[in-house]
1. Take the residues in segment 345-354 that are assigned to a loop (DSSP other than H, G, I, E, B) and out of contact with any helix residue (DSSP H, G or I) (no Cβ under 6 Å at 6 or more places or on another chain), then tell me which one is surrounded by the fewest Cβ atoms within 10 Å (Cβ to Cβ).
2. Considering only segment 355-385, how many residues are more than 15 Å from residue 40 (Cα to Cα) and either touching a strand residue (DSSP E or B) at 6+ places or on another chain (Cβ under 9 Å) or not in a helix (DSSP H, G or I) (or both)?
3. Would you mind finding the one in 295, 359 that is at pLDDT 95 or above, under 21 Å from residue 263 (Cβ atoms), in contact with a helix residue (DSSP H, G or I) (Cβ under 9 Å, 6 or more places away or on another chain) and surrounded by 18 or more Cβ atoms within 10 Å (Cβ to Cβ)?
4. Taking segment 35-55 only, how many residues are touching a residue at least 60 places away in the same chain (Cβ under 8 Å), crowded, with 16+ Cβ neighbours inside 10 Å and either within 21 Å of the chain's Cα centre (by Cα) or part of a helix (DSSP H, G or I) (or both)?
5. Check off (1) more than 21 Å from residue 289 (Cβ to Cβ); (2) without any contact (Cβ under 8 Å) to a residue 60 or more places away in the chain; (3) touching a strand residue (DSSP E or B) at 6+ places or on another chain (Cβ under 9 Å) for residue 168 and give me the number that stays unchecked.
6. I need the full set of residues from segment 315-331 which are surrounded by fewer than 17 Cβ atoms within 10 Å (Cβ to Cβ) and without any contact (Cβ under 8 Å) to a residue 60 or more places away in the chain, in order please.
7. Just checking, which of 289, 314, 260, 329 is farther than 19 Å from residue 223 by Cα and in contact with a helix residue (DSSP H, G or I) (Cβ under 7 Å, 6 or more places away or on another chain)?
8. Quick check on my filter: what residues within segment 83-137 are farther than 27 Å from residue 43 by Cβ, crowded, with 16+ Cβ neighbours inside 10 Å and touching a helix residue (DSSP H, G or I) at 6+ places or on another chain (Cβ under 6 Å)?
C-alpha cells in the first residue's frame, strides 16, 4: 500500500495545473473585487423593494458597529501580530477598519448616502498616510486578511463615488506595504496561502497589474488543488511543488494526521472548521473576482469548492462523525462562508448542494467573521448577476 501511495504521489508531484485561459478583456473590470457593479445594482434594487433576504441582511449590516459614522480610525505605522494575534499591536484595529471601510462602501452604494462614502475614504486615507510595515510571525496572514478587504472598499469608492483625492496614495500603500508580504505565498497551512492569494488578486485588480494578477492566479490554482481532496487525485492528496512533502507520512502529518482521504476533505478539516472556513472562503472569493474579470476559474476549482462546502456543511449541521474521520471528533465553527460558493455553484451553475443549501439558509443573514468575510448574504445571496 505504501509503495502504491508513493507511486501515486510521484505522479501528483509531477502534475501540471491546467493552463490559464486567455484574458477575455484587455483591461480590468471596475468595480471588480468580489462584487461587480451588476451585483451591486441587483442588491440595491432588492433592498429598495424591501425584498428578502437582502433587506434583512442590509439592516444587519447597517446596525453593526462597522457602519457607524462616528467610527474613529486607529492606524499604526507598524502593525505587529504574533501567533493568534498575540501580541496584538494594531492587528484588530487594522482588520476592523478595513471591514468598516468595505461596510461603508456597500452602504454608500446601496443607500446613496454620501456620508458613508466619506467615512470609507476617511478610514482608507488614515491608514494610507501612516502604515509602513507588518511584523512578527503572523504578518503574512494579517497582511492577507486586511489586504483582502481594502481593495473591495477601494474599488467601490474609486469607481462609483465622485471624488477621492488620495486614491493614488492608497494604491501606493497596497503596492509597497501589502504586496511584498503576500505575493510569494506561504508553505504554511493552506488557508494562509489562499488568503494571501485572495489579497494579491484583489490588489492587482485595483492596481491594474496583470502580471501580479496572473502569477497569483497560478499560485492559487496549485493551492486549491492541494487544499481540497477529490478521489480523482489518487491515493494521496496533491502537494504544491516546492512544499517539501515527499513521503506519505509527511503528507498525513500535514493533513492533521488524517490517513483516509475522501472527496471534500480539506487539508485543515481535522484541525478545525474555523480555519477550514478561511480556506474555503478565500477559494470562493478569488473565483468570484476572476469571474468578474472575465477569467472564469470555476471550471478548474468549482468541483473542489462544491465538494468542500458539502462535506463540511454535512458535519456542521450535526451529522455523526465516523471513527475514521479525524479520530471521530471534529471541532466545528465553519463561519459565514457558504454564500459565495453556493450562489456560484448551485444558483448559477445548477449543481445540487443539499447540505450546503440547508446550512446557508439557516445562517441567513450571514454577518462577518471580523477578519475578512462580511455581509455575503447581502452581496451574493441568490444574486444572479
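The values are calculated or read from the model by the stated rules, or taken from the named source; none is laboratory data. Quantities reported herein were computed from a predicted structural model and do not represent experimental measurements. Every residue, glycine as well, gets a Cβ built from its backbone with ideal geometry; the counts of neighbours run over all protein chains shown.
1. This residue is 350.
2. Taking segment 355-385 as the starting set, the residues that turn out to be more than 15 Å from residue 40 (Cα to Cα) are 355-373.
Applying the additional criterion that residues be either touching a strand residue (DSSP E or B) at 6+ places or on another chain (Cβ under 9 Å) or not in a helix (DSSP H, G or I) (or both) yields 364-373.
Residues that pass the stated criteria total 10.
3. Matching residue, one of 295, 359: 359.
4. Residues flagged as touching a residue at least 60 places away in the same chain (Cβ under 8 Å), crowded, with 16+ Cβ neighbours inside 10 Å and either within 21 Å of the chain's Cα centre (by Cα) or part of a helix (DSSP H, G or I) (or both) within segment 35-55 amount to 10.
5. All conditions pass for residue 168, except number (3).
6. The initial filter retains those residues of segment 315-331 that are surrounded by fewer than 17 Cβ atoms within 10 Å (Cβ to Cβ), namely 317-324, 327-329, 331.
Of everything in segment 315-331, those that are surrounded by fewer than 17 Cβ atoms within 10 Å (Cβ to Cβ) and without any contact (Cβ under 8 Å) to a residue 60 or more places away in the chain turn out to be 317, 318, 319, 320, 321, 322, 323, 328, 329.
7. When all the criteria are applied, what remains is 314.
8. Within segment 83-137, 85, 91, 128, 131, 134 qualify.
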